[in-house]
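Right, one structure below, let's go through it.
Rule-based calculations on the coordinates, nothing more; no lab input. As the structure is a prediction and not an experimental result, all values here were calculated from the model. All Cβ positions, glycine included, derive from the backbone under ideal geometry; neighbour counts span all protein chains shown.
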Amino acid sequence: MSKLILSFLNKHLWISPFYLSHLYLCRFFKKNENEKILFLDIDGTIWADSGAGTVLLANNVNLEVSSTAAEARRRHFRIILVTNQTLFGYASRVRTCVLIAYLINLVRLCFQLRVSGILVCHHHPHSKIKKLKFECLYRKPSPKMINEFKERINFDPDSSIFVGDRITDVACATLAGIRNIFLIFGSRMFEENVQGLTRIPNYLVFSVIPQGSTIWRIFN
Amino acid sequence: MKWDVLLFAAGHGRRMQPLTLLRAKPSIAVGAETLISRLFRQVSDTKAVSNVYVNCSYKPESIMEALSNKDFLERVKVLWEKEPLGTAQSLAVIGSLSDKDILAVHGDLYLGDGWVESVFEAINGDYEYSYVLTHRRQKKNARSEVIVDRSNVVSIHKLDEEKNTLEGEVSSNSGIYLIRREHLRKIKSNCPDPKEVVEGVLKPLMEARLLKAFPFDGIRYSLESPNDIQALNCLIKNQ
């Protein structure tokens, strides 16, 4: 049964469901030189973050992202979502693929935004699935997911952009060599106990996006 | 050529305790504005300045809250430091990101409007030298002395507040520096060990005869104890 569902997803959706990979790219994503990528965090960035395992609902979306996304498309940016979303850490093989398909279609419906791929870490230290239960080195703020993506797609870090809502997002982008980093200004900005996170470098440089504006105004 | 500005706002402000137990010193309000938002407005309102960086480490949320005006946030670039790097190292970080001369200003200063333009007009053309801005101060209140010979800085040293009971005025460090990008790159390789800007940046420049002093004659107040806030509020009211 699961094979049937997987083959269905593989055929009809534009993801390659390599289970336990951290990288899901759409079928039309071919290796080009110097791609410009807009990396978007999911929770807290494209929709409101209401804690661990936020349920992804269409009425929760941050509509300000849609103007940013439309401008990104106009400027020939590819859009890649980057997430540690907890739900993936609790999902079985088939459910993971269904969740990714749901996520991509939700983003497409809400923002008229064609996502080119998702970087996701399935592993979670509290997962009920034995295979997934460990502290994975790919989780943000580690840059490993982006570095793995870089090995597949030769993107240009100088003209790529990362948008997130937490200092861990900024750390992940900084460590991956992306220089244009934007942090959405909100209550969660500095809340992490950064002293406990050893992977955060000694300093981070980033710009701030206030609520209600797009990154392009600042980026120009 | 335009400047990039770095506002130092990472320190703990220990002399201002208990006011700084909950917020960083530059986010303290004096008059109608916080110190950092006033400085940010002054430097971002002028054509002399391109990018504005603010470094923060202690209570960074209070600094961001003080700058939470939409226009401010869109123009600021944040240098977040896990532990305060020290002013010299923060300058070195910005120097590696920026291709412009850096105007570095301590975030706890209250300066009169229009100071950026007047400083820009006076010293922008002289590309050979970096500058430290100085002001005249009673010797008993001064924390540092800058000795100048025909505008070249020949010595910068700290004054011991307890022992220093002498009468008279001295030229004191204003906490505003213009460092040329070439100089910052030269310093960078030797720098980060002395963490403070005086030891890590100004003294090496002084020894290389690349540092001049510029007398700052505008309004300048700095907060050094909680009592200063009341005094400063009175002064602003009577201006």
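For the residue pairs B:140/B:195; A:150/B:70; B:47/B:158; B:82/B:203, the alpha carbons lie more than 28 Å apart in A:150/B:70; B:47/B:158. For residue B:159, the residues 5 or more places off, or on other chains, whose built amide H falls under 5 Å of its own are B:144, B:145.
Here the peptides B:4-11, A:104-111 are ranked by packing, the mean other Cβ count within 10 Å, and the order with the highest first is B:4-11, A:104-111. Taking 0.36 nm per residue of separation and subtracting the Cα-Cα distance, full extension of the segment from residue B:224 to residue B:199 would add 6.9 nm.
Estimated purely from DSSP H runs of n ≥ 4, each contributing -39500 (n - 2.57), the mean residue ellipticity at 222 nm for chain B is -8000 deg cm²/dmol once divided by its residues.
Can you tell me how the range B:3-238 classifies by the Cα gyration tensor, rounded, prolate or oblate, using a/c under 1.5 as the rounded cut? Rounded is the answer for the range B:3-238, as its axis ratio a/c remains below 1.5. Here the dipole of the range B:3-238 is about 220 debye; that uses its Cα centre as origin and unit charges on the Cβ of Lys and Arg (positive) and Asp and Glu (negative). If R0 is 51 Å, the Cβ-Cβ spacing of residue B:207 and residue A:151 corresponds to a FRET efficiency of close to 0.60.
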